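Quick note: the coordinates plus some simple rules give every number you see, no bench work behind them. Remember, it's a predicted structure, so these values are computed and weren't measured experimentally. Positions of Cβ are generated from backbone atoms using ideal geometry, with glycine treated the same way; all protein chains shown enter the neighbour counts.
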Protein chains: 2
Amino acid sequence: MKTLTSRLRDRRLAQILEPVEAGMEQMRACVSSQLASDHVTVSEMTDHLGSFSGKQLRAALVLLSAHAAGNDHPDLPQVASVIEMIHLATLVHDDVLDGAEVRRRVACVNERWDNQVAVLLGDLLYARAFHLSTTLSSPMVSEVLSQATQRICEGEIIQAGSRRAFEMDVEQYEFIAGAKTATLYRAACELGVAYPAADNPGQVQAMARFGEEVGLAFQIVDDVLDLVGEEEAVGKSVGNDVEDGKVTLPVLATYASANESVRAAIRAAYGDADVGDRRAALRSACDLQAGVDRAMKRAADLVAQANGRLDCLDQGPSKKALSMLGDYVLERKW
Amino acid sequence: MKTLTSRLRDRRLAQILEPVEAGMEQMRACVSSQLASDHVTVSEMTDHLGSFSGKQLRAALVLLSAHAAGNDHPDLPQVASVIEMIHLATLVHDDVLDGAEVRRRVACVNERWDNQVAVLLGDLLYARAFHLSTTLSSPMVSEVLSQATQRICEGEIIQAGSRRAFEMDVEQYEFIAGAKTATLYRAACELGVAYPAADNPGQVQAMARFGEEVGLAFQIVDDVLDLVGEEEAVGKSVGNDVEDGKVTLPVLATYASANESVRAAIRAAYGDADVGDRRAALRSACDLQAGVDRAMKRAADLVAQANGRLDCLDQGPSKKALSMLGDYVLERKW
């Protein structure tokens, strides 16, 4: 049963999506027809992806930005679909990358077969997304999203090479978090305003920054939830970052201001030795509250900065919805 | 030290590539600049890909088909690069899919980290390939190759769902082998002739079929080599198909004409029980020679059929090179 907080959040989301509900419906139909396949083996797998769909905030950003900027190009629901499909592909490949996820799937007969399917299915989603983008009347979506995908992959690769990097500075953390998450938020806002051809570069730039800042705030909150949230409240598994050696903003902030004995205890929680539940070990090794507060402060600052960008838009229901979105991102609870 | 056969093959390949050597050089430079990265972690990985480059037959097919059809569009080396990069991406993801490969990498500190990198690096290659295709003057490459990539992924997914399918018919085998391998051969020939816009549909169709048939022949020979070749002669690890439960054409042919006790022995070699080297178990369970002969006969027939398609081209050095390519594919030795 849903809690009161969760029902309030659902209502908030419905309010945000309200101005573009018709476009969201078209987007969902488009994604679903794109996932269909004549081959039974393939369709069995793509059918399963329906459960991955989530809140579709990226698609909403395309449609809200477009609507707020007075852009009513008929391709926009398809543009939003391409972005959701690329997002879906990254989620499917995260299944392979995320050891915790694989470990939890104890019911699977053969872990390797599952990895195979996840890799191929992700590849298929990327290919379908790019193919859909080539059918649109402007090449802008293919251009922007093939570049965005590169940035996402580079961010993830750099993150994979930055395990247990406790001395990482905040810029480096934000570079990675921005690349892997803010990229699609930025592209969504940019394409919503600019598609099929940018005639107001100032507005496009402002909305790209809005997307970047909201996306980065989203990732910071996500990292905080993974660190101190409870699985039931967050709605997905938690503690994956510590298990995977990812040092996120709240941990970086805690580590930076800790003395050497606390630092050693933090490193041990992330270390080679088997300490059982790594997140629990980390939480008993140090007081994370100040680090969490600093991270949430940064996320709030980013949202405030983002909301300032909305001055480039005229008043209206979609501008209002966009200005609610940042707070929605900040208010995810644990 | 190279054997006489291997040196003769190198000379044969050099002869085939000779008419398009300048374009191949441009293609190699283009791929290499596409793989470069400002990020050290990324460039360390992409540098490593140089060793994957192989014979670049797909790029050669773009350039030879173009040259033979009198197409000298300046984008062609880039078109060839996009195809090679997509091929490279599939190879990198094969690393994840191919359990044998992963098992052989005993030197790796952490198998999971390696899987991560392979998935992300493959994704990055796909994204760069698609991005390069969006910079070309015609959208044809983006369209053809995003569709080709879908077919490759679907073929691989269907193959993953067809493990130990001893009753599979030849059409189903060729559907899978065609999808995963012939697709890029077909696209290479098609784009070489048609880029930037098809003005001779009959010729484009004939060359697409040439590519499809040569590509399928290549895969059949590859499957034969994996079954009965020796690692040193083939130049890569063998026996992976039996390990992975893939029932290829020579095995299908053997199984179809075997009595029930031999069939049971074949199934046991592929079965759940640990039989050590599965390929060795299979080879002692049955006489594969007749099946190998039938598979090689099919490959030779495909090459003969393919060579007939070349009637659509005028005489010249590139047409001659294309007609040598099928024999080159058939003559891979074990």
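Tabulated values for the structure
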{"read-out": "Selection of trypsin sites (Lys or Arg not before Pro), region A:116-167, meeting DSSP coil and at most 15 other Cβ within 10 Å", "value": "A:163, A:164"}
{"read-out": "Charge-dipole axis of region B:4-328 as Lys and Arg at +1 and Asp and Glu at -1 on Cβ define it, positive-most pick from B:251, B:182, B:23", "value": "B:251"}
{"read-out": "Exercise: per-residue mean of other protein chain Cβ atoms within 10 Å, B:156-163", "value": "6"}
{"read-out": "Span from the region A:275-326 Cα centroid across to the region B:307-334 one, whole angstrom", "value": "61 Å"}
{"read-out": "Pair residue B:163, residue A:260: separation of 7 Å Cα→Cβ label points (nm)", "value": "5.2 nm"}
{"read-out": "Percent of Cα pairs exceeding the 17 Å cut-off, where the set is region A:232-278", "value": "41 percent"}
{"read-out": "Across the identical copies, how the residue B:25 labels are spaced - nm, sorted shortest first, 7 Å along Cα→Cβ", "value": "6.2"}
{"read-out": "Test item: A:37-45 mean partner chain Cβ contacts at 10 Å", "value": "4"}
{"read-out": "Per-residue mean of C-beta atoms belonging to partner chains within 10 Å, peptide B:134-147", "value": "4"}
{"read-out": "Pseudo-label separations to other copies for residue A:4 - Cα-to-Cβ vector, 7 Å, nm", "value": "9.1"}
{"read-out": "Gyration tensor (alpha-carbon) shape descriptor, region A:4-330, a/c threshold 1.5", "value": "oblate"}
{"read-out": "Cα→Cβ-extended label distance, 7 Å offset, between residue A:172 and residue B:232, nm", "value": "4.7 nm"}
{"read-out": "Net dipole in debye of chain B [+1 Lys, Arg Cβ; -1 Asp, Glu Cβ; about Cα centre; nearest 20]", "value": "600 debye"}
{"read-out": "Neighbour cut-off at most 15 other Cβ (10 Å), DSSP loop, trypsin sites (Lys or Arg not before Pro), region B:1-93", "value": "B:2, B:55"}
{"read-out": "Selected from A:172, A:191, A:227, residue furthest toward positive end of dipole (region A:166-253; charges at beta carbon)", "value": "A:191"}
{"read-out": "Relative contact order (%) - criterion: Cα under 8 Å, at least six apart; region: region B:4-328", "value": "21 percent"}
{"read-out": "Estimated [θ] at 222 nm from DSSP helical runs (n ≥ 4, -39500 (n - 2.57)) normalised by residues in the protein assembly as shown, nearest 500", "value": "-23000 deg cm²/dmol"}
{"read-out": "Loop-located GluC sites (Glu not before Pro) in region A:225-334, at most 12 other Cβ atoms within 10 Å (DSSP)", "value": "A:230, A:331"}
{"read-out": "7 Å along Cα→Cβ, label-point gaps from residue A:280 to other copies, nm, shortest first", "value": "4.6"}
